[in-house]
Amino acid sequence: MVVSAHPLASQVGAEILSRGGNAIDAAIAVQFALAVVYPDAGNIGGGGFLVLRQKDGSVDALDYREKAPAAAHRDMYLDQEKNVIEDLSVKGHLAAGVPGTVDGMVKAHEKYGSMPWRDLVQPAIVLAAKGFPLTKKEAKKLNQQRADFLKYNTQRPSFILQHRWHEGDSLYFKDLARTLELIRDKGRAGFYEGPTANLLEAEMKRGKGLITKADLAAYQSVWRTPISGQVGKYRIISMPPPSSGGIALIQLLTIAQDYPLPAWGWNSVKSAHLMIEAERRVYADRAKHLGDPDFYKVPVAGLLDTAYIRRRMYGYSPGEATDSDDVYPGIPAPPESPHTTHYSIVDTQGNAVSVTTTLNSSFGCKVFVAGAGFLLNNEMDDFSAKPGYPNTYGLVGEEANAIAPGKRMLSSMTPTILEKDGKLYMVIGAMGGSTIITTVYQIIQNVTRFGFTMQGAVSAGRFHHQWLPDWVLAEWGALGPGTGVGLWVKGHKIAPKYGGIGRAAGILVLPDGRLEGGADPRGDDAAAGF
Ligand code: GLY
């Protein structure tokens, strides 16, 4: 089974599985297919994380996160008075980090792939060259981005020639198809060298960006040891730094385990209050301690120590909200549409792959590499541009996540796999910037503690708190009857989140061995299987 953000990408992955491919083969094909049919976040110009659990129980994690270019420096988004220049790390060429996706897919294939590489890239080439029908939601998003595409591109991307997109229109990416052909035929060299590298460097020069051919040649994705922890009956396997996701998720689940949430009720005042107070503390840890482990000594063992996690709840009062500003001052930022995309795969052997991949914001920095047809990320905004200054998700950071050449920016992406009694139980992850962690957290709780089905858990309403800014974002209907008022009485500030919090893709292994997909109704997401 494959669950992804786009029905065509899920179909591509299921087709690879039905031809005998394994979960990694399917993941590679889905990654490239999403780069075509879901350009909001699917990508070859971005990066991501992959968590794998093989049928024999062995686990691995691939970090293909973008890196800061060699010419990047700590104060690159500050003016002469050391104030952050609005939007410089979010839109346009300077916002892009060195892409990691293609190297990541090549490394995943070298270590675990079973089908020929070209067969995995080919379905994306067909989609890009022959075109595919736009969904209603995708047509709307392209129309919303038109002004930014015109403003930030040095040469007009061909699909902007169409003034307004409608559901069912065919979208083609001819330049992208040619770039994918180079990747199909030359692997890593098809992207990091030759014509694609030349076009990317030329694009950067025209737009005053920093990425050079030397940056591309130097980029390497890395295999890392997954973060894992036992919480009750479940073993959580997730992404280590430079993601904050795995650590934060295990901290949140460990705290929740100490309280009788099922007896208190799903999203009741008591349950929601406890979860918010835990989130406030866990996101404060994130801001202080998390960054690229290749540059900063992240105290992983200390952060995952159960006694430490329990101590973090010191000061928690069942009766009232803690004020985040008493702990650390924050400057709320207007949120840019958070993006990223997640897909979950289980193959016929029982191998499982959980992948979250991203351009950061919707359509990244809005810049297409002219002639090569792919969008670039704006992942540089995930660094802390200045200590305590919030990024586009309102997240703050310090030294651990300061900009440095060749460093990876901190992430919230949380591709996760759960075991129960030593057996594969769930594959889960989500999009949604800073809300990824709390989305994955709530879905796992919904299934493991409240007895939801996979689909029910993914569909259920969500809320989110991230320490700073000090408010609870809540989807319409997420908080049970009276919960909103009850939380307000305790002193929580609650803001409605229109358009949804996160978008998740999950697979649950049922007791009889069948798989249940959870595809998020907040998007066009679809499960495909056989
Ligand atoms: N760009 C979103 C994240 O990595 O957390």
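The values are calculated or read from the model by the stated rules, or taken from the named source; none is laboratory data. None of these values were measured; they are calculated from a predicted model. Reconstructed Cβ throughout: ideal geometry from the backbone, glycine too, with neighbour counts over all protein chains shown. For accessibility, only protein heavy atoms count, side chains too; no ligands or nucleic acids. Shrake-Rupley method; radii C 1.70, N 1.55, O 1.52, S 1.80 Å.
What the table shows:
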quantity	calculated
Tyr152 - accessible surface, heavy atoms, 1.4 Å probe, Å² rounded to 10	40
Pairwise centroid distance, computed over Cα atoms, of the stretch 176-253 with the stretch 292-323, Å	28
Largest to smallest principal axis extent of the C-alpha atoms in the stretch 337-406, angstrom	48, 34, 26
Among Gly513, Gln466, Thr453 the positive-end extreme of the charge dipole of the stretch 443-530 (Cβ point charges)	Gln466
Convex hull projection area averaged over all views, the chain, Cα basis, nm²	21.7
Rounded accessible area of Phe173 (nearest 10 Å², 1.4 Å probe)	20
Listed residue (Gly209, Tyr234, Gly246) projecting farthest to the positive dipole end of the stretch 181-334, Cβ model	Tyr234
For the stretch 478-530, fraction of C-alpha pairs farther apart than 17 Å, in %	59
Violating pairs (Cα-Cα greater than 29 angstrom) within the set Lys137/Lys186; Lys67/Lys186; Lys208/Lys297; Lys208/Lys497	Lys137/Lys186; Lys208/Lys297; Lys208/Lys497
Heavy-atom accessible area ranking, 1.4 Å probe, most first, across Lys174, Lys67	Lys174, Lys67
Directionally averaged projected area (convex hull, Cα atoms, the stretch 213-313), nm²	7.9
Solvent-accessible heavy-atom area per residue, rounded to whole Å², over the chain at 1.4 Å	35
Rounded to whole Å, sorted largest first: equivalent-ellipsoid semi-axes of the stretch 376-530, Cα gyration tensor	29, 23, 14
Spin-label model distance (nm) - Gln144 vs Glu320, 7 Å beyond Cα toward Cβ	3.9
Percent carbon-and-sulfur accessible area, the chain, ignoring ligands, DNA and RNA, probe 1.4 Å	55
Those trypsin sites (Lys or Arg not before Pro) in the stretch 94-132 that DSSP places in a loop and that have at most 11 other beta carbons within 10 Å	none
For the stretch 37-170, the fraction of alpha-carbon pairs in successive 5 Å shells from zero, as %	2, 8, 12, 15, 16, 16, 13, 10, 6, 3, 1, 0
Cα-based convex hull volume of the stretch 162-224 per residue, rounded to whole Å³	165
